[in-house]
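The values are calculated or read from the model by the stated rules, or taken from the named source; none is laboratory data. Bear in mind that the values here come from a model prediction, so they are computed numbers and not experimental data. No Cβ is skipped: glycine too gets one built from the backbone with ideal geometry, and neighbour counts run over all protein chains shown. SASA here: full protein model, heavy atoms, side chains in, ligands and nucleic acids out. Shrake-Rupley method; radii C 1.70, N 1.55, O 1.52, S 1.80 Å.
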Amino acid sequence: MQQRRQPANGNGAGGGGGTTAAAATTAVRPEEQQPLLGQDAGAKKAGTPGKATGRGCYFSLAFSIGSMGLACGSLWQIPNSSDRISLQRGLVLTSLGFIYFVSLTDFCNKYLLETTHGQRFRRKYRLMMSDVLEITNKIVSAIQASFSFLVGLIVCKSTCTKSFVYASHFLMEAYGWFGTAYFMYDIWSMYKVHTQKIADKLHLLRITKGQQGAVVSNGHANGKVNGKSASGNNNGSTPTNLHEICDYDGACVQIPKDGRWDFLKYVVTHPVMMIHHVFIGTFGLLVVTYIRGGGHCIYSYMFMMEFSTPFVSLRSILSTMRLKDSRVYIANGLLMLATFFVCRVCMWPYVMWRYSLAIEAASLWSAMCGLPRGCLISIAILFLPQLYWFYLMVLGALKVFLPQKRRPPNSVLAAKDAATPTPPTAVVNGKN
(Lines give C-alpha, C1' and ligand atoms only; values in the text may rest on other atoms or scores of the structure.)
Protein backbone atom coordinates (compact mmCIF):
# COMPACT_ATOMS: atom_id res chain seq x y z
CA MET A 1 0.00 0.00 0.00
CA GLN A 2 1.18 3.51 -0.74
CA GLN A 3 1.82 5.87 2.12
CA ARG A 4 -0.01 9.19 2.20
CA ARG A 5 2.22 12.23 1.90
CA GLN A 6 2.32 14.31 5.10
CA PRO A 7 1.95 18.10 5.02
CA ALA A 8 5.17 20.05 4.79
CA ASN A 9 4.53 22.02 8.00
CA GLY A 10 3.94 18.89 10.11
CA ASN A 11 0.29 19.70 10.89
CA GLY A 12 -2.73 17.55 10.05
CA ALA A 13 -4.68 17.80 6.86
CA GLY A 14 -7.20 20.14 8.45
CA GLY A 15 -4.91 22.44 10.42
CA GLY A 16 -2.90 25.21 8.80
CA GLY A 17 -4.52 24.77 5.41
CA GLY A 18 -4.13 28.40 4.40
CA THR A 19 -0.44 28.48 5.24
CA THR A 20 0.18 25.24 3.43
CA ALA A 21 -1.63 26.43 0.30
CA ALA A 22 0.28 29.68 0.31
CA ALA A 23 3.59 27.87 0.67
CA ALA A 24 2.70 25.48 -2.12
CA THR A 25 1.96 28.31 -4.53
CA THR A 26 4.90 30.54 -3.64
CA ALA A 27 6.68 31.71 -6.76
CA VAL A 28 10.07 30.15 -7.40
CA ARG A 29 13.00 31.95 -8.93
CA PRO A 30 13.51 31.30 -12.66
CA GLU A 31 17.04 29.98 -12.20
CA GLU A 32 15.68 27.32 -9.83
CA GLN A 33 13.25 26.12 -12.50
CA GLN A 34 15.71 25.79 -15.33
CA PRO A 35 15.59 22.37 -16.96
CA LEU A 36 18.01 19.81 -15.56
CA LEU A 37 18.72 21.72 -12.37
CA GLY A 38 16.21 19.81 -10.28
CA GLN A 39 15.41 16.14 -10.12
CA ASP A 40 16.85 13.85 -12.71
CA ALA A 41 14.48 12.55 -15.36
CA GLY A 42 15.79 9.03 -15.13
CA ALA A 43 15.18 9.08 -11.37
CA LYS A 44 11.62 10.29 -11.95
CA LYS A 45 10.89 7.40 -14.25
CA ALA A 46 12.31 4.97 -11.70
CA GLY A 47 10.21 6.58 -8.98
CA THR A 48 13.20 7.35 -6.77
CA PRO A 49 13.94 11.09 -6.82
CA GLY A 50 17.54 12.15 -6.38
CA LYS A 51 19.05 8.76 -7.29
CA ALA A 52 20.50 7.83 -10.65
CA THR A 53 21.92 4.58 -11.91
CA GLY A 54 22.94 5.48 -15.45
CA ARG A 55 23.12 1.85 -16.50
CA GLY A 56 21.66 2.60 -19.92
CA CYS A 57 24.64 4.73 -20.92
CA TYR A 58 27.01 1.78 -20.69
CA PHE A 59 24.99 -0.17 -23.24
CA SER A 60 25.48 2.74 -25.63
CA LEU A 61 29.20 2.76 -24.83
CA ALA A 62 29.36 -0.98 -25.61
CA PHE A 63 27.68 -0.40 -28.99
CA SER A 64 30.12 2.42 -29.74
CA ILE A 65 33.21 0.39 -28.86
CA GLY A 66 31.85 -2.67 -30.64
CA SER A 67 31.16 -0.83 -33.90
CA MET A 68 34.65 0.69 -33.88
CA GLY A 69 36.13 -2.73 -33.19
CA LEU A 70 34.26 -4.27 -36.11
CA ALA A 71 35.38 -1.44 -38.40
CA CYS A 72 39.03 -1.96 -37.45
CA GLY A 73 38.66 -5.74 -37.72
CA SER A 74 37.33 -5.48 -41.26
CA LEU A 75 40.59 -3.81 -42.29
CA TRP A 76 42.90 -6.19 -40.45
CA GLN A 77 43.18 -8.77 -43.26
CA ILE A 78 44.03 -6.32 -46.06
CA PRO A 79 47.50 -7.49 -47.21
CA ASN A 80 48.90 -4.43 -48.98
CA SER A 81 48.66 -0.79 -47.98
CA SER A 82 47.93 0.22 -51.57
CA ASP A 83 44.88 -2.06 -51.93
CA ARG A 84 41.50 -0.52 -52.68
CA ILE A 85 38.38 -0.65 -50.50
CA SER A 86 35.54 -2.43 -52.25
CA LEU A 87 32.08 -0.93 -52.49
CA GLN A 88 30.60 -3.59 -50.19
CA ARG A 89 33.25 -3.03 -47.54
CA GLY A 90 32.81 0.72 -47.84
CA LEU A 91 29.07 0.53 -47.24
CA VAL A 92 29.69 -1.64 -44.19
CA LEU A 93 32.16 0.92 -42.86
CA THR A 94 29.64 3.73 -43.37
CA SER A 95 26.97 1.76 -41.51
CA LEU A 96 29.36 1.07 -38.65
CA GLY A 97 30.22 4.77 -38.63
CA PHE A 98 26.59 5.71 -38.11
CA ILE A 99 26.30 3.20 -35.26
CA TYR A 100 29.50 4.48 -33.67
CA PHE A 101 28.70 8.20 -33.69
CA VAL A 102 25.03 7.80 -32.76
CA SER A 103 25.80 5.44 -29.86
CA LEU A 104 28.68 7.66 -28.70
CA THR A 105 26.33 10.64 -28.64
CA ASP A 106 23.74 8.63 -26.73
CA PHE A 107 26.37 7.58 -24.20
CA CYS A 108 27.53 11.15 -23.54
CA ASN A 109 23.96 12.41 -23.19
CA LYS A 110 22.89 9.65 -20.83
CA TYR A 111 26.07 9.98 -18.77
CA LEU A 112 25.41 13.69 -18.17
CA LEU A 113 21.67 13.21 -17.65
CA GLU A 114 21.32 9.97 -15.72
CA THR A 115 24.48 9.31 -13.70
CA THR A 116 25.40 10.77 -10.32
CA HIS A 117 28.57 12.38 -11.65
CA GLY A 118 26.63 13.88 -14.53
CA GLN A 119 24.03 15.38 -12.17
CA ARG A 120 26.76 16.93 -10.04
CA PHE A 121 28.42 18.34 -13.13
CA ARG A 122 25.13 19.88 -14.34
CA ARG A 123 24.30 21.40 -10.95
CA LYS A 124 27.81 22.83 -10.59
CA TYR A 125 27.72 24.62 -13.92
CA ARG A 126 23.90 25.11 -14.06
CA LEU A 127 23.49 23.35 -17.41
CA MET A 128 20.17 23.22 -19.22
CA MET A 129 19.13 20.51 -21.64
CA SER A 130 20.46 22.43 -24.65
CA ASP A 131 23.79 22.90 -22.86
CA VAL A 132 24.11 19.15 -22.41
CA LEU A 133 23.36 18.49 -26.08
CA GLU A 134 25.82 21.20 -27.10
CA ILE A 135 28.62 19.74 -24.97
CA THR A 136 27.95 16.25 -26.31
CA ASN A 137 28.01 17.50 -29.89
CA LYS A 138 31.40 19.13 -29.35
CA ILE A 139 32.85 16.07 -27.60
CA VAL A 140 31.89 13.83 -30.52
CA SER A 141 33.27 16.41 -32.95
CA ALA A 142 36.61 16.47 -31.13
CA ILE A 143 36.82 12.65 -31.14
CA GLN A 144 36.09 12.48 -34.87
CA ALA A 145 38.70 15.16 -35.55
CA SER A 146 41.29 13.20 -33.54
CA PHE A 147 40.62 10.09 -35.62
CA SER A 148 40.87 12.11 -38.82
CA PHE A 149 44.19 13.64 -37.82
CA LEU A 150 45.59 10.25 -36.79
CA VAL A 151 44.60 8.68 -40.12
CA GLY A 152 46.07 11.61 -42.03
CA LEU A 153 49.34 11.39 -40.12
CA ILE A 154 49.69 7.63 -40.76
CA VAL A 155 48.91 7.97 -44.46
CA CYS A 156 51.23 10.95 -44.81
CA LYS A 157 54.18 9.06 -43.37
CA SER A 158 53.41 6.02 -45.50
CA THR A 159 52.72 7.59 -48.89
CA CYS A 160 54.55 10.91 -49.09
CA THR A 161 57.93 9.19 -49.10
CA LYS A 162 56.86 7.09 -52.12
CA SER A 163 55.04 9.51 -54.39
CA PHE A 164 53.51 12.85 -53.53
CA VAL A 165 50.99 12.67 -56.37
CA TYR A 166 50.22 9.01 -57.12
CA ALA A 167 50.70 6.98 -53.91
CA SER A 168 47.62 5.48 -52.20
CA HIS A 169 46.76 3.86 -48.87
CA PHE A 170 43.72 1.76 -47.98
CA LEU A 171 43.33 3.53 -44.64
CA MET A 172 42.52 6.80 -46.41
CA GLU A 173 39.69 5.21 -48.35
CA ALA A 174 38.46 3.29 -45.29
CA TYR A 175 38.12 6.39 -43.15
CA GLY A 176 36.60 8.21 -46.11
CA TRP A 177 33.68 5.77 -45.90
CA PHE A 178 33.61 5.75 -42.10
CA GLY A 179 33.91 9.53 -41.71
CA THR A 180 31.13 10.23 -44.19
CA ALA A 181 28.67 8.93 -41.60
CA TYR A 182 29.85 11.57 -39.11
CA PHE A 183 29.17 14.55 -41.36
CA MET A 184 25.71 13.27 -42.23
CA TYR A 185 24.97 12.52 -38.55
CA ASP A 186 26.32 15.87 -37.37
CA ILE A 187 23.77 17.78 -39.44
CA TRP A 188 20.98 16.10 -37.49
CA SER A 189 22.83 16.55 -34.20
CA MET A 190 23.22 20.28 -34.75
CA TYR A 191 19.54 20.48 -35.64
CA LYS A 192 18.59 18.84 -32.33
CA VAL A 193 20.82 21.28 -30.42
CA HIS A 194 19.23 24.19 -32.27
CA THR A 195 15.67 23.12 -31.50
CA GLN A 196 16.45 22.41 -27.84
CA LYS A 197 17.97 25.87 -27.41
CA ILE A 198 14.71 27.40 -28.64
CA ALA A 199 12.74 25.10 -26.35
CA ASP A 200 14.78 26.16 -23.32
CA LYS A 201 14.39 29.84 -24.17
CA LEU A 202 10.62 29.45 -24.51
CA HIS A 203 10.55 27.53 -21.25
CA LEU A 204 12.34 30.29 -19.34
CA LEU A 205 10.23 32.95 -21.06
CA ARG A 206 7.11 31.19 -19.92
CA ILE A 207 8.39 31.09 -16.34
CA THR A 208 9.35 34.77 -16.43
CA LYS A 209 5.99 35.85 -17.82
CA GLY A 210 4.18 33.76 -15.21
CA GLN A 211 6.08 35.43 -12.39
CA GLN A 212 5.66 38.94 -13.75
CA GLY A 213 1.91 38.36 -13.95
CA ALA A 214 1.60 37.05 -10.41
CA VAL A 215 -0.56 39.21 -8.15
CA VAL A 216 0.77 39.84 -4.66
CA SER A 217 -1.98 39.85 -2.03
CA ASN A 218 -1.65 39.95 1.78
CA GLY A 219 2.06 39.26 1.52
CA HIS A 220 1.62 35.91 -0.30
CA ALA A 221 1.85 35.02 -3.99
CA ASN A 222 -1.47 34.25 -5.55
CA GLY A 223 0.04 31.35 -7.46
CA LYS A 224 -2.31 31.49 -10.46
CA VAL A 225 -2.69 33.96 -13.28
CA ASN A 226 -5.75 33.60 -15.47
CA GLY A 227 -6.20 30.08 -14.16
CA LYS A 228 -2.61 29.01 -14.87
CA SER A 229 0.27 28.41 -12.51
CA ALA A 230 2.34 31.52 -11.89
CA SER A 231 5.58 29.58 -11.98
CA GLY A 232 4.87 28.39 -15.49
CA ASN A 233 6.19 24.93 -14.64
CA ASN A 234 4.21 21.94 -15.81
CA ASN A 235 6.26 19.09 -14.44
CA GLY A 236 4.88 15.62 -14.96
CA SER A 237 2.45 16.69 -17.67
CA THR A 238 2.32 15.45 -21.23
CA PRO A 239 1.87 17.43 -24.44
CA THR A 240 -1.76 18.20 -25.17
CA ASN A 241 -1.29 18.92 -28.89
CA LEU A 242 1.23 18.52 -31.65
CA HIS A 243 2.69 21.98 -31.07
CA GLU A 244 4.17 21.19 -27.67
CA ILE A 245 7.55 19.70 -26.96
CA CYS A 246 8.27 17.92 -23.69
CA ASP A 247 11.57 18.79 -22.02
CA TYR A 248 13.67 16.17 -20.27
CA ASP A 249 12.35 17.11 -16.83
CA GLY A 250 8.73 16.82 -18.00
CA ALA A 251 8.02 20.53 -18.47
CA CYS A 252 6.01 21.24 -21.62
CA VAL A 253 6.99 24.18 -23.80
CA GLN A 254 4.44 25.67 -26.16
CA ILE A 255 5.74 26.06 -29.70
CA PRO A 256 4.19 28.88 -31.76
CA LYS A 257 2.23 27.56 -34.73
CA ASP A 258 3.92 30.09 -37.03
CA GLY A 259 7.40 28.95 -35.93
CA ARG A 260 7.42 25.21 -36.40
CA TRP A 261 10.85 23.67 -36.33
CA ASP A 262 11.14 21.42 -39.34
CA PHE A 263 14.45 20.02 -40.52
CA LEU A 264 14.27 21.55 -43.99
CA LYS A 265 13.81 25.02 -42.53
CA TYR A 266 16.93 24.56 -40.43
CA VAL A 267 18.91 23.41 -43.47
CA VAL A 268 17.78 26.41 -45.53
CA THR A 269 18.57 28.92 -42.78
CA HIS A 270 22.11 27.54 -42.25
CA PRO A 271 23.47 27.28 -45.81
CA VAL A 272 27.21 27.70 -45.08
CA MET A 273 27.32 24.91 -42.53
CA MET A 274 25.16 22.62 -44.67
CA ILE A 275 27.34 23.13 -47.76
CA HIS A 276 30.45 22.49 -45.69
CA HIS A 277 29.12 19.24 -44.20
CA VAL A 278 27.59 17.87 -47.40
CA PHE A 279 30.65 18.75 -49.47
CA ILE A 280 33.12 17.24 -46.99
CA GLY A 281 30.99 14.19 -46.32
CA THR A 282 30.35 13.34 -49.97
CA PHE A 283 32.84 14.89 -52.35
CA GLY A 284 35.58 15.69 -49.87
CA LEU A 285 35.83 12.16 -48.44
CA LEU A 286 34.28 9.66 -50.84
CA VAL A 287 35.10 11.17 -54.23
CA VAL A 288 38.72 12.08 -53.57
CA THR A 289 39.53 8.84 -51.74
CA TYR A 290 37.48 6.16 -53.48
CA ILE A 291 36.42 7.29 -56.96
CA ARG A 292 39.59 9.27 -57.68
CA GLY A 293 42.10 6.81 -56.23
CA GLY A 294 45.71 7.78 -55.62
CA GLY A 295 47.00 11.15 -54.49
CA HIS A 296 46.44 10.13 -50.89
CA CYS A 297 49.54 11.99 -49.71
CA ILE A 298 47.86 15.24 -50.75
CA TYR A 299 44.55 14.24 -49.16
CA SER A 300 46.28 13.25 -45.92
CA TYR A 301 47.05 16.92 -45.33
CA MET A 302 43.35 17.66 -45.66
CA PHE A 303 42.67 15.10 -42.92
CA MET A 304 45.37 16.64 -40.71
CA MET A 305 43.58 19.98 -40.94
CA GLU A 306 41.29 18.60 -38.22
CA PHE A 307 44.08 18.98 -35.65
CA SER A 308 42.64 22.35 -34.64
CA THR A 309 39.08 21.07 -34.17
CA PRO A 310 39.50 19.71 -30.59
CA PHE A 311 40.62 23.17 -29.45
CA VAL A 312 37.63 24.76 -31.20
CA SER A 313 35.33 22.23 -29.51
CA LEU A 314 36.91 22.81 -26.10
CA ARG A 315 36.42 26.55 -26.50
CA SER A 316 32.72 26.01 -27.12
CA ILE A 317 32.43 23.65 -24.14
CA LEU A 318 34.14 26.12 -21.80
CA SER A 319 31.87 28.86 -23.08
CA THR A 320 28.79 26.70 -22.40
CA MET A 321 30.11 26.09 -18.88
CA ARG A 322 30.43 29.90 -18.45
CA LEU A 323 34.21 29.77 -17.97
CA LYS A 324 35.19 32.51 -20.40
CA ASP A 325 37.10 34.34 -17.67
CA SER A 326 39.21 31.33 -16.70
CA ARG A 327 42.86 30.84 -17.57
CA VAL A 328 42.04 27.55 -19.26
CA TYR A 329 39.75 29.35 -21.70
CA ILE A 330 42.42 31.92 -22.57
CA ALA A 331 45.19 29.31 -22.97
CA ASN A 332 42.95 27.12 -25.12
CA GLY A 333 42.03 30.15 -27.23
CA LEU A 334 45.69 30.83 -27.99
CA LEU A 335 46.29 27.18 -28.91
CA MET A 336 43.16 27.21 -31.07
CA LEU A 337 44.33 30.33 -32.89
CA ALA A 338 47.83 28.93 -33.50
CA THR A 339 46.73 25.47 -34.63
CA PHE A 340 43.98 26.87 -36.84
CA PHE A 341 46.43 29.21 -38.55
CA VAL A 342 49.00 26.45 -39.17
CA CYS A 343 46.67 23.58 -40.05
CA ARG A 344 43.91 25.37 -41.95
CA VAL A 345 45.32 28.63 -43.28
CA CYS A 346 48.91 27.67 -44.10
CA MET A 347 48.23 24.03 -45.01
CA TRP A 348 46.87 24.48 -48.51
CA PRO A 349 49.60 26.92 -49.72
CA TYR A 350 52.18 24.45 -48.41
CA VAL A 351 50.52 21.51 -50.19
CA MET A 352 50.34 23.45 -53.44
CA TRP A 353 54.02 24.35 -53.10
CA ARG A 354 54.90 20.67 -52.58
CA TYR A 355 52.76 19.81 -55.58
CA SER A 356 54.55 22.34 -57.79
CA LEU A 357 57.88 20.78 -56.81
CA ALA A 358 56.60 17.26 -57.49
CA ILE A 359 55.46 18.07 -61.04
CA GLU A 360 58.49 20.32 -61.59
CA ALA A 361 56.39 23.35 -62.44
CA ALA A 362 57.99 26.68 -63.15
CA SER A 363 56.15 28.36 -60.26
CA LEU A 364 53.37 27.83 -57.79
CA TRP A 365 51.02 29.90 -59.91
CA SER A 366 51.70 27.86 -63.03
CA ALA A 367 51.08 24.65 -61.08
CA MET A 368 47.70 25.92 -59.90
CA CYS A 369 46.75 27.10 -63.38
CA GLY A 370 47.40 23.61 -64.69
CA LEU A 371 44.82 22.07 -62.37
CA PRO A 372 41.34 21.21 -63.69
CA ARG A 373 38.60 23.76 -63.06
CA GLY A 374 36.69 21.41 -60.78
CA CYS A 375 39.77 20.93 -58.63
CA LEU A 376 40.24 24.70 -58.30
CA ILE A 377 36.59 25.12 -57.29
CA SER A 378 36.97 22.40 -54.66
CA ILE A 379 40.07 24.07 -53.23
CA ALA A 380 38.21 27.39 -53.05
CA ILE A 381 35.27 25.77 -51.23
CA LEU A 382 37.64 24.26 -48.69
CA PHE A 383 40.07 27.15 -48.29
CA LEU A 384 37.98 30.33 -48.34
CA PRO A 385 35.76 29.42 -45.33
CA GLN A 386 38.94 28.79 -43.33
CA LEU A 387 40.05 32.37 -43.98
CA TYR A 388 36.65 33.69 -42.89
CA TRP A 389 36.60 31.62 -39.69
CA PHE A 390 40.19 32.61 -38.87
CA TYR A 391 39.19 36.25 -39.32
CA LEU A 392 36.39 35.78 -36.77
CA MET A 393 38.79 34.10 -34.36
CA VAL A 394 41.24 36.99 -34.61
CA LEU A 395 38.44 39.47 -33.87
CA GLY A 396 37.45 37.45 -30.81
CA ALA A 397 41.05 37.31 -29.60
CA LEU A 398 41.42 41.06 -29.98
CA LYS A 399 38.34 41.63 -27.81
CA VAL A 400 39.86 39.47 -25.07
CA PHE A 401 43.41 40.80 -25.01
CA LEU A 402 42.93 44.44 -26.02
CA PRO A 403 41.18 46.61 -23.42
CA GLN A 404 38.06 48.35 -24.62
CA LYS A 405 37.69 52.10 -24.34
CA ARG A 406 35.70 53.11 -21.32
CA ARG A 407 32.57 55.10 -21.96
CA PRO A 408 31.91 58.29 -19.97
CA PRO A 409 30.06 57.65 -16.69
CA ASN A 410 27.09 59.79 -17.71
CA SER A 411 26.51 57.85 -20.93
CA VAL A 412 26.82 54.54 -19.09
CA LEU A 413 24.20 55.56 -16.53
CA ALA A 414 21.92 56.87 -19.24
CA ALA A 415 22.18 53.64 -21.22
CA LYS A 416 21.56 51.61 -18.09
CA ASP A 417 18.45 53.61 -17.22
CA ALA A 418 17.17 53.29 -20.77
CA ALA A 419 17.65 49.51 -20.76
CA THR A 420 16.00 48.98 -17.36
CA PRO A 421 12.29 48.18 -17.78
CA THR A 422 9.70 49.79 -15.56
CA PRO A 423 8.57 47.29 -12.88
CA PRO A 424 4.86 46.45 -12.82
CA THR A 425 2.69 47.97 -10.17
CA ALA A 426 2.04 45.54 -7.32
CA VAL A 427 -1.39 45.18 -5.81
CA VAL A 428 -1.18 44.97 -2.03
CA ASN A 429 -4.34 44.62 0.11
CA GLY A 430 -6.44 45.48 -2.94
CA LYS A 431 -4.79 48.90 -3.45
CA ASN A 432 -2.20 50.12 -5.98
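The figures follow:
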item: Listed pairs Lys138/Lys192; Lys110/Lys138; Lys197/Lys399 exceeding 18 Å between Cα atoms; result: Lys197/Lys399
item: Positive-end residue of Phe183, Val155, Asn109, charge dipole of region 93-199 with Cβ unit charges; result: Asn109
item: Rounded if a/c under 1.5, otherwise prolate or oblate - region 250-399, Cα gyration tensor axes; result: oblate
item: Net dipole in debye of region 299-357 [+1 Lys, Arg Cβ; -1 Asp, Glu Cβ; about Cα centre; nearest 20]; result: 120 debye
item: Residue-by-residue Karplus 3J(HN,Hα) for region 196-204, coefficients 6.51, -1.76, 1.60, Hz, glycine and proline x; result: 5, 4, 5, 4, 5, 5, 5, 5, 5
item: Accessible area of region 78-185 belonging to carbon and sulfur atoms, whole % at 1.4 Å probe; result: 63 percent
item: Projected label distance in nm at Ile381 and Ser363, using a 7 Å step from Cα toward the beta-carbon; result: 2.9 nm
item: His194 - accessible surface, heavy atoms, 1.4 Å probe, Å² rounded to 10; result: 70 Å²
item: Segment Phe401-Cys346, extension gain: residue separation times 0.36 nm, minus the distance between their alpha carbons; result: 17.4 nm
item: Local net charge near Arg89, Cβ-Cβ under 15 Å (Lys/Arg +1, Asp/Glu -1); result: -1
item: Between region 304-340 and region 356-376, the Cα center-to-center distance that results, in Å; result: 35 Å
item: Among Gly118, Ser130, Val140 the positive-end extreme of the charge dipole of region 108-168 (Cβ point charges); result: Gly118
item: Euclidean distance between Cα centres, region 98-149 to region 280-298, Å; result: 30 Å
